[in-house]
Amino acid sequence: MVEVNIPKVAIVGRPNVGKSTLINRICKKREAIVHHLPMITRDRKYYATDWNGVSFYILDTGGIDLKSKEKLSLQIYLQAKKAIDEADIIIFLVDVTDPVSPLDTEIADILRKSNKPIILVGNKWDNPEGSYYTEDFLKFGFGYPVKVSAMHGINTGDLLDEIVLNINKIFPEKSEVLNESNIPNISIIGKPNVGKSTLFNSIIQEERAIVDEIEGTTRDSIDSIVSIDEKQYKFIDTAGMKKKKFRAEDLEYYSNIRTINSIKMSDICLIIIDSTMGVTRQDIKIVHTCIENGISMCVVLNKIDLIDEKKLEKLIDRLDYKLDFAAYIPFLKISALNKNGIEEVIEIIDILNEERNKKVPENKLMKLFKELGSESAVYWKGKKFRIKFIKQVKKSPPIFYIFSNMNIKKKKNIKKFIENNIRKEFGFIGTPIIFRVKY
């Protein structure tokens, strides 16, 4: 649940009227996936933005189509309805290149019952000299549409002015800006259908992400800021990462890119593995991606209620073998569907956040390696390795500067020796350690 004192503006409309394109225009970056296929946006998503010093959230929703026979249409509608109920202001987005459709009329009836301020916006007004059905939408009683072209950025400033005008009427006192810089970002990642959205919903205690047995139900990353025991966390549910190669025009290509971007922006990743499927190459590839980006992580074995104890033991042995290169990564056993192990997930997140923000004093590091130098020696081609100076220069993730008597950039065994001793003495559970070396 996002911070309640931040105004929320929901964008609602039928499929393919340009909601996600408008989101990207307002946020000034490619936040939402834009694709020609319908039902790409399925869950409601929050995007923080501002205009003329006024901060607010934009709530993106899936296209409402009450007559569709698609299985997910009802769930998409329910998510959109929640966004309507939650929003302070609603943008009703229509396509002015098309006549008013029965679906537009149905959505207008739904919005009229909300008793919320409605801003009617006519999108795809790409050419002022073109022919449009603008006046036809006056019958809804929401006033004259604000004509915009989300694609080309025409009149979006006028729309933002209208949004801020309505916000100032509802919130006479300036709303506070949510400071997310001190809130840990936790991404829930893994292959398709391992239970990421189920865990996400269980943690935030709300049906934000649509859950379905159909692979690829989550297409984009969905985030939610929640408060647990007076601590705030930002959880991000991501699309399933597949191992196949995609073409740039494939929808899954954009989903994979979004997931990788979510990983890079995270502090912590919960890597979900389906216990009934075992550990796969793709799971290990995800671990490597987290390590390369300095992200703290925990492997979460989900659906343990579906396998017996013997199979679970074999799975854990297999996991230990596969993660031998990163034995510092902890793992949990949960059933997201039954909400078993959710408290342990929060506990490990707190531990990982504390570990990645740990700062080791320089004198303790120097003392450790001085003692190691006298007790046990490491050699390279007959030459004894010696650390002249070591200091932690950054945290989250921890970065250590090392000045030694030889070039160890490509000497994995020596760097592993340093890392193992740092971990043995100071911890850094679940957190990659980065070295900057000089000689």
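The values are calculated or read from the model by the stated rules, or taken from the named source; none is laboratory data. Keep in mind it's a predicted model, so treat the numbers as computed, not measured. Counting neighbours? That spans all protein chains shown, and the Cβs are built from the backbone with ideal geometry, glycine included. Just so you know, the surface numbers come from the protein's heavy atoms only, side chains and all, with ligands and any DNA or RNA stripped out. Shrake-Rupley method; radii C 1.70, N 1.55, O 1.52, S 1.80 Å.
Restricting to segment 258-293, what's the tally of residues that are part of a loop (DSSP other than H, G, I, E, B), more than 18 Å from I348 (Cβ to Cβ) and of a type outside the set (A, V, I, L, M)?
Residues of segment 258-293 that are part of a loop (DSSP other than H, G, I, E, B), as a first pass: 265-267, 275-280, 293.
Still in the running and more than 18 Å from I348 (Cβ to Cβ): 265, 276-280, 293.
Subset that is of a type outside the set (A, V, I, L, M): 276, 278, 280, 293.
Number satisfying all stated conditions: 4.
Would you point out which residue out of F389, F400, F417 is of a type outside the set (D, E, K, R), assigned to a strand (DSSP E or B), touching a residue at least 12 places away in the same chain (Cβ under 8 Å) and open to solvent by 20 Å² or more (accessible area, probe 1.4 Å)? Break it down into steps so the answer makes sense when it comes.
Details: F400 fails: open to solvent by 20 Å² or more (accessible area, probe 1.4 Å); F417 fails: assigned to a strand (DSSP E or B).
Only one candidate qualifies: F389.
Being of a type in the set (V, I, T) and either open to solvent by 70 Å² or more (accessible area, probe 1.4 Å) or free of Cβ contacts under 8 Å to residues at least 60 places away in the same chain (or both) is the filter; apply it to segment 117-137 and report the residue that is nearest to D85 (Cα to Cα).
Quick first cut of segment 117-137, residues of a type in the set (V, I, T) only: 118-119, 121, 134.
From the residues that got through so far, the ones that are either open to solvent by 70 Å² or more (accessible area, probe 1.4 Å) or free of Cβ contacts under 8 Å to residues at least 60 places away in the same chain (or both) too are 118-119, 134.
Numbers: I118: 13, I119: 16, T134: 27 Å.
If we take residues in segment 117-137 being of a type in the set (V, I, T) and either open to solvent by 70 Å² or more (accessible area, probe 1.4 Å) or free of Cβ contacts under 8 Å to residues at least 60 places away in the same chain (or both), then I118 is nearest to D85 (Cα to Cα).
State which residue pairs qualify: first residue without any contact (Cβ under 8 Å) to a residue 24 or more places away in the chain and more than 21 Å from L352 (Cα to Cα) and inside segment 310-338, second residue charged (D, E, K, R) and crowded, with 16+ Cβ neighbours inside 10 Å in any location, beta carbons under 9 Å apart, and separation of 6 or more residues or different chains. Every condition considered, no pair remains. Whether any residue in segment 368-385 is free of Cβ contacts under 8 Å to residues at least 12 places away in the same chain, open to solvent by 70 Å² or more (accessible area, probe 1.4 Å) and within 35 Å of the chain's Cα centre (by Cα) is what I want to check. No: zero hits.
For segment 105-136, which residues satisfy the criterion of being closer than 15 Å to V12 by Cβ and touching a strand residue (DSSP E or B) at 6+ places or on another chain (Cβ under 6 Å)? Before the answer, list the steps.
Taking segment 105-136 first, the residues closer than 15 Å to V12 by Cβ are 105-123.
If the condition is that a residue be closer than 15 Å to V12 by Cβ and touching a strand residue (DSSP E or B) at 6+ places or on another chain (Cβ under 6 Å), then L111, K116, P117, I118, I119, L120, V121, G122, N123 are the ones that fit.
In this structure, is M297 in contact with a Gly (Cβ under 6 Å, 6 or more places away or on another chain) and either open to solvent by less than 70 Å² (accessible area, probe 1.4 Å) or closer than 21 Å to I186 by Cα (or both)?
Yes, satisfied.
Only one residue in I304, I334, I271 is farther than 20 Å from I186 by Cα and among the aliphatic types (A, V, I, L, M). Which one? Can you show your working first?
Details: I334 fails: farther than 20 Å from I186 by Cα; I271 fails: farther than 20 Å from I186 by Cα.
After applying the criteria, what remains is I304.
Quick test of your reading of the structure: I408 fulfils all but one of (1) surrounded by fewer than 16 Cβ atoms within 10 Å (Cβ to Cβ); (2) free of Cβ contacts under 8 Å to residues at least 40 places away in the same chain. Name the failing condition by number. Going through the list (1) surrounded by fewer than 16 Cβ atoms within 10 Å (Cβ to Cβ); (2) free of Cβ contacts under 8 Å to residues at least 40 places away in the same chain, I408 breaks only (1).
Residues in segment 238-258 that are open to solvent by less than 50 Å² (accessible area, probe 1.4 Å) and either farther than 24 Å from P397 by Cβ or at pLDDT 75 or above (or both): T238, A239, G240, F246, D250, L251, S255.
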